[in-house]
Structure formats: structure tokens, C-alpha cells
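The values are calculated or read from the model by the stated rules, or taken from the named source; none is laboratory data. The structure presented is a predicted model; accordingly, all values stated were derived computationally and were not measured. Counting neighbours? That spans all protein chains shown, and the Cβs are built from the backbone with ideal geometry, glycine included.
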Amino acid sequence: MGTHLTKRGPRRGGAHAVLAALLAMLVAGCGSEAPAAPEAPATNATDVMYAQMTVEHISQGRPVLDLAVDRGTAPELIAVATQLRDEWKTENTTLTGWLTGWGKPATADPNESVHAGHGALHALRPRDVDELRTAKDQDFDRTAVALLLGHLHNGMETARMEAGGGAYPPAVDLARTTTMKRQAEIQRLLTLAAGQ
């Protein structure tokens, strides 16, 4: 019987020690700070390239939108350009904020070899904008619609690249959302072009 008590004694003592330790941890935990925030989702080269190329895309397209809003004669052209300008302002703020947070420059490397697998840097040529500035009336509208259609199509290619290969969930979501928006805006511009 003595042996039996000897075997059970330490077991009870061990259990009490474990229980006491657990209680101490719980009490200490009540006054502790909130748990640390989870780490930010990982990014990859596609996320960075998407953000940089889209910031550049928006910067290049903004003069066309400004001209379309100020000098367009077709109400639908002015409406699409105004909507796009508002959307691009929000998207640009989001994208530049991400790039800053990632410690990356806001502009993409102009070296084309860097963009292998990501598509080329899409650009509106300065002469395209100059042509729009000199156009008048309905010719202005036709030129603006043509430039916007090409520019929006290029932007969708970049968004599709991100949707298919990005790793940062908010960027992938933005790419998918903007693709749907641009598709609708392109359709509106195509309808406008068909009636010109």
C-alpha cells in the first residue's frame, strides 16, 4: 500500500503543478496586450509590375481624359471620361500606396528586358495627345474615343496578367474588379464609335 501511495503522490503533485501553471498563464494573459497583427500577404514580381505599369498607364491616359471632359461634344464621351478619371484617381492612390509599402519605386524600369513575361510597357505617344489637342468637334470625339479604346485595352492586358499571376490578394482583386469596369467602359465607347 505504501508503494501505491508513493506512485500516486507524485502524479497528483504533477497535475497540481500543471494546473497552477495554466492558471498563472491565464491570469497573466488577461492583462497582456492584444495579439500581434498577422503578417501582410506576400507579393511577387507580377504584383509589383502590375502596380508600376498601371500607375504609368493612368498617368499617360489622364491628359486624354482631361481633354475629353473639357472639349468633348458627345455627352456619353464626357460621361465615360469623367467616370474613368474618378476611378483612376482612386486606383492610383491605392497602387502608389502599395508600392510605397512594398519599398518599390512608383515607376517601372524602362528596360524592356525587365518586362519579359509581363508584357511591354504600354504607352500613348505624345503625338497622339497632340493630335487630339488639334482636333475639333466630331473629329475630336472620334479621335478621343479611338485613343481611349486602345489605351483601355492595353490596361486590361496588364490587369489580366495580375489576375493570372499575382500573389497579393488585394492586387488580384483590384485587377479583376477593374477588368470588369473597363470591359463595360469599352463597350460604351464602342457603341459611341458605331454611332459616329
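Given (1) buried (at least 16 other Cβ atoms within 10 Å of the Cβ); (2) more than 19 Å from residue 182 (Cβ to Cβ); (3) at pLDDT 95 or above, identify the lone condition not met by residue 64.
Condition (2) is where residue 64 drops out.
With the structure loaded, tell me whether residue 54 is at pLDDT 55 or above, in a loop (DSSP other than H, G, I, E, B) and within 30 Å of residue 131 (Cα to Cα) or whether it fails that test.
No, not satisfied.
Yes or no: segment 168-184 includes at least one residue that is touching a residue at least 12 places away in the same chain (Cβ under 8 Å), touching a Lys or Arg at 6+ places or on another chain (Cβ under 8 Å), within 16 Å of residue 80 (Cα to Cα) and surrounded by 15 or more Cβ atoms within 10 Å (Cβ to Cβ).
Yes.
From the list 119, 101, which residue is surrounded by 14 or more Cβ atoms within 10 Å (Cβ to Cβ) and either closer than 18 Å to residue 47 by Cβ or modelled with pLDDT of 95 or more (or both)?
On inspection, the qualifying residue turns out to be 119.
Can you tell me how many residues in segment 154-178 are assigned to a helix (DSSP H, G or I), farther than 14 Å from residue 53 by Cβ and not small (Gly, Ala, Ser)?
Here the count works out to 6.
Test residue 142 against the criterion of being closer than 18 Å to residue 83 by Cα, out of contact with any Phe, Trp or Tyr (no Cβ under 9 Å at 6 or more places or on another chain) and surrounded by 15 or more Cβ atoms within 10 Å (Cβ to Cβ), and give yes or no.
no
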